[in-house]
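Peer 1: Here it is, the structure, as C-alpha cells.
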Amino acid sequence: MSGPRVVVLTGAGISAESGLSTFRDSGGLWEGHDPMQVATPEAYEDDPALVQRFYDERRAALAHVEPNAAHHALARLERELGDDLLVVTQNVDDLHERAGSRRVHHLHGSLHSAWCTACDVRHPWTDALGDRPPCPACAEPELRPDIVWFGEIPYGMDLVEDALDTCELFVSIGTSGVVYPAAAFVLWARGTTLELNLEPSAGATEFAESRHGPASVLVPAWVEELLG
Ligand code: APR
C-alpha cells in the first residue's frame, strides 16, 4: 500500500494571516508567556489554572478567526489529490478543517479535544476547561488540554514517518523549523522538498527550493502550479 505522494507540514505561520499569533515572531505568543510556564506537564502540575487559562483563551479565540487563502488552497488540493495528499500540522487550531481539509493529522494535538487524566478518554471539546468540568466518561473533573507539551511525544509519528518515506514531494509551510521532530521531516522526506515561509526557516538550506512571502500568496500560487 503506497502512501501519499505529497506530504505538507504546516506551522503557526499558515494561520498568522487569519489573526492567530505565531510563537516566535516578534509579539509572538510565547512572548506573552514563558513556554516553560504554560506548555509542559510540570507547569500543569504546578499551576493548572494558569495553563488552563492560556489554552482557554486560545480555544475561545478560534471563534473569532477564519481560514485564509492558504488553508483554502490546501483544501482544494485535497479535493484534487484525495489520499495522495496528507497534511501534517503542528497547529492546534481548526482552520484546516474549517477550510474543508479532511485528511489533517494534528502532530501536537488540538484545542478542540480534551483528555481525561483520570480515565484516559479523549473528547471533542469547544468550551473552557478552567472551571474543571466533569469528564463525560467518568465524571471526574480531570480534563486537560489534548495538546502535546514540551517533553511529551507528538501524535502519530509512525504514520508521519511512513508518509515521508514514500512521498514524492514534501512541502513545509509557515514553520520556523526549530522544534523537533517536525524540523527533521525535511531530512527524512524521500522526494523533493519545498519550503514556503515568510522568511528562511532554520532549516531553509535543507530544502531543494525555498520561496519566501506570505502563505496566503505563496500557497495558492503553488497549488495552482501543481494542479495546472
Ligand atoms: N506566511 C508564511 N509564514 C509566516 C507568516 C505568513 N504570513 N507569518 C509568519 N510566518 C513564519 C515565520 O517566519 C516563522 O518561520 O511562520 C513561522 C512561525 O514559526 P513559530 O512561531 O516558531 O511557529 P511553529 O514553527 O509552528 O512552532 C512549532 O513550536 O511552540 C511549539 O508546539 C508549538 O507547534 C509549535 C511548534
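Peer 1: Please work out the Kirkwood hydrodynamic radius for segment 131-228, using every pair of different C-alpha atoms, and report it in angstroms with one decimal place.
Peer 2: Values: mean 1/r = 0.0633 Å⁻¹.
After inverting the mean inverse Cα-Cα distance, the result is 15.8 Å.
Peer 1: Here is a further query. What number, in percent, do you get for the relative contact order of the chain if the mean sequence gap of Cα pairs under 8 Å and at least 6 apart is divided by its residue count? Intermediate values should be presented prior to the final figure.
Peer 2: Working: 441 pairs, mean separation 54.0, N = 228.
Taking the mean separation of contacting Cα pairs over the length of the chain, I get 24 percent.
Peer 1: Mind ranking 61-74, 206-219, 144-157 by how tightly packed they are, going by the mean number of other C-beta atoms within 10 angstrom, highest first?
Peer 2: 61-74, 206-219, 144-157
Peer 1: Right, here's the next one. Tell me the trypsin sites (Lys or Arg not before Pro) within segment 15-106 that lie in a loop according to DSSP and have at most 13 other beta-carbon atoms within 10 Å. Could the numbers behind the result be given before it?
Peer 2: Values: sites: Arg24, Arg53, Arg58, Arg59, Arg76, Arg79, Arg98, Arg102, Arg103; in loops: Arg24, Arg102, Arg103.
Passing sites in segment 15-106 are Arg102.
Peer 1: Over segment 46-164, what portion of Cα pair distances is larger than 20 Å, expressed as a whole percent?
Peer 2: On the way: 3407 of 7021 pairs.
More than 20 Å apart: 49 percent of the Cα pairs in segment 46-164.
Peer 1: Might you list the cysteines of the chain that have no disulfide-compatible partner by the rule of another cysteine's Cβ under 4.7 Å?
Peer 2: Cys167, each lacking another Cys Cβ under 4.7 Å.
Peer 1: In which sequence would Thr10, Thr205, Thr22 go, from the one with the fewest C-beta neighbours within 10 Å to the one with the most? Intermediate values should be presented prior to the final figure.
Peer 2: Numbers: Thr10 29, Thr205 10, Thr22 21.
Sorted ascending by nearby Cβ count, the order is Thr205, Thr22, Thr10.
Peer 1: Please sort 123-134, 165-176 by packing, taking for each peptide the average over its residues of neighbouring beta carbons within 10 angstrom, highest first. Before the final figure, lay out the partial values.
Peer 2: Working: 123-134: 14.3, 165-176: 22.4.
In decreasing order of mean packing, 123-134, 165-176 become 165-176, 123-134.
Peer 1: What FRET efficiency would be calculated for the residue pair Arg98, Ala204, taking the C-beta separation as r and a Förster radius of 30 Å, to the nearest 0.05? Can you show the working numbers first?
Peer 2: On the way: r = 29 Å, r/R0 = 0.98.
Between Arg98 and Ala204 the formula returns 0.55.
Peer 1: In debye, nearest 20, what is the charge dipole magnitude of the chain about its Cα centre with +1 on Lys and Arg Cβ and -1 on Asp and Glu Cβ, if you could check?
Peer 2: Value, rounded to 20: 440 debye.
Peer 1: Can you compute the modelled spin-label distance between Ala221 and Glu161, with each label point 7 Å from Cα toward Cβ, in nm?
Peer 2: 3.7
Peer 1: Would you list the P(r) distribution for the chain, with all Cα-Cα distances sorted into 10 Å bins from 0 and each bin expressed as a whole %?
Peer 2: Reading upward from the zero bin: 8, 33, 36, 19, 5, 0.
Peer 1: Determine the percent antiparallel among the DSSP beta bridges restricted to the chain, to the nearest 5. Walk me through the intermediate numbers first.
Peer 2: Details: 7 of 29 bridges.
Approximately 25 percent, going by the DSSP bridge assignments.
Peer 1: How much of the calculated P(r) for segment 87-134 lies past 15 Å, in percent of all Cα pairs?
Peer 2: Details: 563 of 1128 pairs.
More than 15 Å apart: 50 percent of the Cα pairs in segment 87-134.
Peer 1: Let me ask something else about it. Given all pairs of different Cα atoms, what value in angstroms does the Kirkwood hydrodynamic radius of segment 161-205 take? Intermediate results must be reported in sequence, preceding the final value.
Peer 2: Details: mean 1/r = 0.0946 Å⁻¹.
One over the average 1/r among Cα pairs gives 10.6 Å for segment 161-205.
Peer 1: Could you work out the helix-only [θ] at 222 nm for the chain, with each DSSP H run of four or more residues adding -39,500 (n - 2.57) and the total divided by the number of residues, to the nearest 500 deg cm²/dmol? Let's see the in-between values first.
Peer 2: Numbers: 10 runs with 77 residues, N = 228.
Estimated from H runs of four or more residues: -9000 deg cm²/dmol.
None of the figures in this text is laboratory data; all of them are computed from the coordinates on show. Treat the numbers as computed from the prediction; the structure is a model and nothing was measured. A quick note on method: Cβ atoms are made from the backbone with ideal geometry, for glycine too, and the neighbour counts reach across all protein chains shown.
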